[in-house]
Each structure stands twice: as C-alpha cells, then as structure tokens.
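The values are calculated or read from the model by the stated rules, or taken from the named source; none is laboratory data. On a predicted model such as this, the values are computed, not experimentally measured, just so you know. Note that we place each Cβ from the backbone using ideal geometry, even for glycine, and neighbour counts take in every protein chain shown. Note: areas computed on protein heavy atoms with side chains; ligands, DNA, RNA excluded. Shrake-Rupley method; radii C 1.70, N 1.55, O 1.52, S 1.80 Å.
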Amino acid sequence: MSFNSFGHVFRFTTWGESHGPALGAVVDGCPPGIPLDEAMLQHWLDKRRPGQNKNTTQRQEPDAVEILSGLYEGRTTGTPIQLLIRNTDQRSKDYGEILRTFRPGHADITYHQKYGLRDPRGGGRSSARETAARVAAGGVAREVLRALAPRVQIKGYMVQMGAKVIDRSRFDWDAIDGNDFWCPDPAVAAEWEDYLDYLRRKDHNSVGAMIEVVARGVPAGLGAPVYGKLDSDLASAMMSINAVKGVEIGDGMAVAALTGRDNADEIFMGDDGPVYGSNHAGGILGGISTGQDIVVRFSIKPTSSILSPRASITLEGQPTEVVTKGRHDPCVGIRAVPVGEAMMALVLADHLLLDRAQTGGVRGRIGPEAGDAPVG
C-alpha cells in the first residue's frame, strides 16, 4: 500500500495496523538541535489515549511512545526520527464473525475491492488506531514550532455533537480541558454526556461531531500561491483523518450566503502592523497566512461499528445483517480533537520550513517606511 507519507520538507510516514504488534511513524526533515524527549510526545498521546473515561472505547492502551533514532543527548540530529507505539490490548476474536462480511460504513468493502484482501481485525490499516502515530509525529512538530516560532499556540475543541451545538456566547477557553469532550461550553458538555450515555447503553447507536482547531500567533507569510496553499494542505491534512467527511477554513461553507461587503475582512493599520476587523477568511488569504488566528473545522461521521443490526452482504455476495461487537467509540469526535491539533502542528511546521527555504524570512514592509522591494 502506497501513500502513507505526508508533508513536503517536514515529512512523516505512519506504519502499522490496529491489531498488529506495534504502530508508529518516521519523521524526516526535522531540523537539528531541537530539544526532544519521549515525555514531550507522551503528553499529547495521553490526550488521545483510549479507555480514559466512559465516553470513549474501553480498549486499554498505554500508548507509550519510544524514540528509536534521530536523537543525541536530548536533541534532534537532523536524521530520521523513528517513533514506536506498541499495541498491548488487542482482542482480535471480536472480529471473527465479520471475516467474510462487509460492515456498512466501514472501509472493509473498498479495501477488498482495491487490494483483493483486507485485515478484518479492527479495520487493520483503516482503523483510527493509526492516528496515535500522527499524534506522536505532531508532538515532534510542536517542538519544532516551539523552537522556531514560539508564539504559535494550537488548540482544538468540539463545537457540535450530532444536532447539539455549543452556544458561542458561553465560549470559555479555560473549560476545554475540564471535561471529557474538550468542549468550550460547560453547560452543553453536561447535556452531551447524558445524550451519549443514552446512545451507547440504550439505543446501541453512535453519533457524529464537529471539531474546531485554532492556531494563534502564526506569522504572516506562511504558504504559497496556487498549488502550495497553506489552506489546501490543511484541508488535505484534516480530510486524511479517519472518519472525516468535511473540512472548512474560516467561515467555510457559510460564505456562500454572504455578500462581498459581509465577507471582506477590513484592514486597518495598527501600532505593530496590519489589523483586521473580522476573520471570515480563517487567517489565510491567497493560500498565505495573514497573521490572524488560523481557524479550521472538520466533521466526523458517526462510528460505523454499532450493535444495531445493519443490512450488508458477504464476500460471496449473499445478503446478511451485521452487528459489530467489540470496543468502539460512541462518538469518535472526542478522541479526534488531539489528532486535529497534531495535523495542524505538522502542516505549520512544514510550511514554516518551506518558507525559510524559499524566502529566508524576507517580508514586505507595510507602513510609512515601506519601500518598493521586500526587506528582511
């Protein structure tokens, strides 16, 4: 299987399956001299780790990351960084009944149609278990950003579960880490808990979600026109996450309802450079960052592994009903939050290094001393 790598200069490749002995990532293109150790990465993996509360899958994985290469005396050497995460709580017998059956909503059928075989144990390579490797690689990217662009801050949170949406008038940044849903609206988070408990225990069902990821302190000038756009790489990064079916930058699909006057983010001159009256563009214009907050949203479909019977077919083409047993997230959006943060970090680190390679940090001046040519 090809296409397991992402990025241009800062590039990572993930490997491994849900029920194999291990999974991991190789990070290439990391600058030398970046402080790095396993604890720095483990912090982010612990956010994504399964089995931490009743609202996620009860599979118990420590997700302990090991760094096998690319370090010397606590600093990156500039050579490939190999990251290893061992699987310790596989329960492959749960999938024996679907060995020759395709689960509706899963990649079982398309993997078979493309490759002629598939790993039915937890979905194999198509499992969301693969995202643990992305979070580990994203931890490396965060340390690159910390060293080279220390003002950058990345935060993800859930803004919708099913039809239940947060009230943005109650948005509280400090509340995000205080509940199981990474929700900035504490009042709706309590409603979500009751709703998800009903879906899981009584309705034998699952539900979708919307995640928002914001990057603050991103310098203006990252990205490139046409085929190197920052927003196109962000969209690709988020869409590559398991179960994602839609991505928006800024106001996203809502801009279709706006007029030109409504949509244009007016520009004013501030003490330290340009400031904007709004941020409909999500911090990116022409594929290049403006210096405003970068805002990305993505929608996660409901978990397809449910106890409610669904119609399908067998490998031989016979009709059947599928009831998926095992341990699954009733709302996969919860653990997708740290994955979205990781993909944001990976794209920003990549574009930061791309910009340094192309422009060397040269920027056009704006203000009374602006000249005709860019000045570093």
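Quick look at the values:
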quantity: Every pair of residues 6+ apart whose Cβ atoms lie under 6 Å, when the first sits in the stretch 346-367 and is in a helix (DSSP H, G or I) while the second is of a type in the set (Asp, Glu); calculated: 347/233
quantity: Filter result for residue 147 (at pLDDT 95 or above, open to solvent by less than 10 Å² (accessible area, probe 1.4 Å) and either in a loop (DSSP other than H, G, I, E, B) or small (Gly, Ala, Ser) (or both)); calculated: no
quantity: Tabulated pairs, the stretch 294-321, first free of Cβ contacts under 8 Å to residues at least 60 places away in the same chain, second part of a loop (DSSP other than H, G, I, E, B), C-beta under 7 angstrom, 6+ apart or interchain; calculated: 309/323; 321/309
quantity: Residue in the stretch 195-208 that is open to solvent by less than 20 Å² (accessible area, probe 1.4 Å) and more than 12 Å from residue 331 (Cβ to Cβ) present; calculated: no
quantity: Total residues in the stretch 272-281, condition of a type outside the set (A, V, I, L, M) and in contact with an Asp or Glu (Cβ under 7 Å, 6 or more places away or on another chain); calculated: 5
quantity: Enumeration of residues in the stretch 290-320 that are more than 21 Å from residue 103 (Cα to Cα) and touching a helix residue (DSSP H, G or I) at 6+ places or on another chain (Cβ under 8 Å); calculated: 294, 296, 297, 298
quantity: Residue list for the stretch 197-219, filter: in contact with a Pro (Cβ under 8 Å, 6 or more places away or on another chain), among the hydrophobic types (A, V, I, L, M, F, W, C) and farther than 14 Å from residue 165 by Cα; calculated: 199
quantity: Matching entry among 138, 123 (being of a type outside the set (Val, Ile, Thr), at pLDDT below 90 and crowded, with 23+ Cβ neighbours inside 10 Å); calculated: 123
quantity: Any hit, the stretch 163-180, residues being buried (at least 24 other Cβ atoms within 10 Å of the Cβ) and in contact (Cβ under 8 Å) with a residue 60 or more places away in the chain; calculated: no
quantity: Elements of type strands (runs of 3 or more DSSP E) in the stretch 247-343, at least 3 residues being farther than 29 Å from residue 368 by Cβ and open to solvent by 60 Å² or more (accessible area, probe 1.4 Å); calculated: 310-313
quantity: Residue within the stretch 203-218 that is part of a helix (DSSP H, G or I) and closer than 30 Å to residue 323 by Cα present; calculated: no
quantity: Selection within the stretch 1-25 - polar (S, T, N, Q), in contact (Cβ under 8 Å) with a residue 60 or more places away in the chain and assigned to a loop (DSSP other than H, G, I, E, B); calculated: 18
quantity: Qualifying residue in the stretch 257-279 (condition: of a type in the set (Lys, Arg) and in contact (Cβ under 8 Å) with a residue 40 or more places away in the chain); calculated: no
quantity: Meets criteria (closer than 16 Å to residue 159 by Cα and among the aromatic types (Phe, Trp, Tyr)) for residue 195; calculated: yes
quantity: When residues of the stretch 20-39 are limited to those that are hydrophobic (A, V, I, L, M, F, W, C), under 16 Å from residue 134 (Cβ atoms) and open to solvent by 10 Å² or more (accessible area, probe 1.4 Å), the one modelled with the highest pLDDT; calculated: 26
quantity: Residue within the stretch 161-183 that is assigned to a strand (DSSP E or B) and not charged (D, E, K, R) present; calculated: yes
quantity: Test for residue 253: is it of a type in the set (A, V, I, L, M) and in contact (Cβ under 8 Å) with a residue 40 or more places away in the chain; calculated: no
